[in-house]
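Please see the structure below; I have some questions.
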Amino acid sequence: MRLILRTISLLALIMAVITGVQDAIRSVATSQIVITSLGSAWYSVSPDTLNLAQAVIQRKIHPYLWDPVMQWILLRPAWSVFLVLALLFYLITWRRPKPAGRFTA
């Protein structure tokens with residue numbers, strides 16, 4: 001289980017770096033700050049799955065989960081959402097290192 005969650009964490013970190021680099025390249029190319037939201041990035045990749053996710057969350061789970069929560073997340077920068085996901089999945093699998101030494105309990 002730890003391996004799977006660490007792999008998901010690594011993939012989220014890779015996505016954070018990719019989306020951050022894309023925003024940096026676009027910012028340099030246009031000489032303005034360009035920040036791509038998660039919603040617009042998702043819509044440009046696959047608009048059908050974004051609409052499907054909205055329908056499933058509103059109809060099957062709860063309509064209030066989509067309107068305040070998911071919309072707020074979709075308006076955040078894509079790199080920051082992926083970075084937070086990577087951190088969360090890594091912290092789930094983190095173990096405190098065992099103290100090494102002669103007089104440890």
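The values are calculated or read from the model by the stated rules, or taken from the named source; none is laboratory data. Values in this document were obtained by computation on a predicted structure and should not be read as measured data. So basically every Cβ, Gly included, is an ideal-geometry build from the backbone, and we count neighbours across all protein chains shown. What goes into the accessible areas is simple: the full protein's heavy atoms, side chains included, and nothing from ligands, DNA or RNA. Shrake-Rupley method; radii C 1.70, N 1.55, O 1.52, S 1.80 Å.
Specify whether the C-alpha gyration tensor of the chain places it in the rounded, prolate or oblate class, a ≥ b ≥ c being the square roots of the eigenvalues: rounded for a/c under 1.5, otherwise prolate if a/b is larger than b/c and oblate if not.
oblate
In deg cm²/dmol and to the nearest 500, what is the mean residue ellipticity at 222 nm of the chain if only DSSP H runs of at least 4 residues count, each as -39500 (n - 2.57), divided by the residue total?
-20500 deg cm²/dmol, from helical runs alone.
Continuing with this model, one more query. At 1.4 Å probe size, with no ligands or nucleic acids counted, give the accessible surface of ILE61 in Å², nearest ten.
Approximately 110 Å² of ILE61 is accessible to the 1.4 Å probe.
Keeping all protein chains in place and using 1.4 angstrom, which order do MET70, MET1, MET15 fall into by accessible surface area, from largest down? Intermediate values should be presented prior to the final figure.
On the way: MET70 40, MET1 160, MET15 80 Å².
Output order, biggest surface exposure first: MET1, MET15, MET70.
Additional query: Could you check how much of the accessible area of the chain is carbon and sulfur, as a whole percent, using a 1.4 Å probe?
So the carbon and sulfur contribution to the accessible surface is 69 percent.
Compare the Cα positions of THR49, VAL69, ALA86 along the charge dipole of the chain (+1 at Cβ of Lys, Arg; -1 at Cβ of Asp, Glu; about the Cα centre) and return the one farthest towards the positive end.
Highest projection toward the positive end goes to ALA86.
Could you give the size of the charge dipole of the chain about its Cα centre, using +1 on the Cβ of each K and R and -1 on the Cβ of each D and E, expressed in debye and rounded to the nearest 20?
Magnitude of the dipole: close to 740 debye.
Where in the chain are the DSSP H helices whose alpha-carbon span along the long axis reaches 18 Å or more and whose Kyte-Doolittle mean is at least 0.0?
2-30, 78-93
Among 75-86, 24-35, how do they line up from the highest to the lowest mean number of other beta-carbon atoms within 10 Å?
Ranking, from highest mean packing down: 75-86, 24-35.
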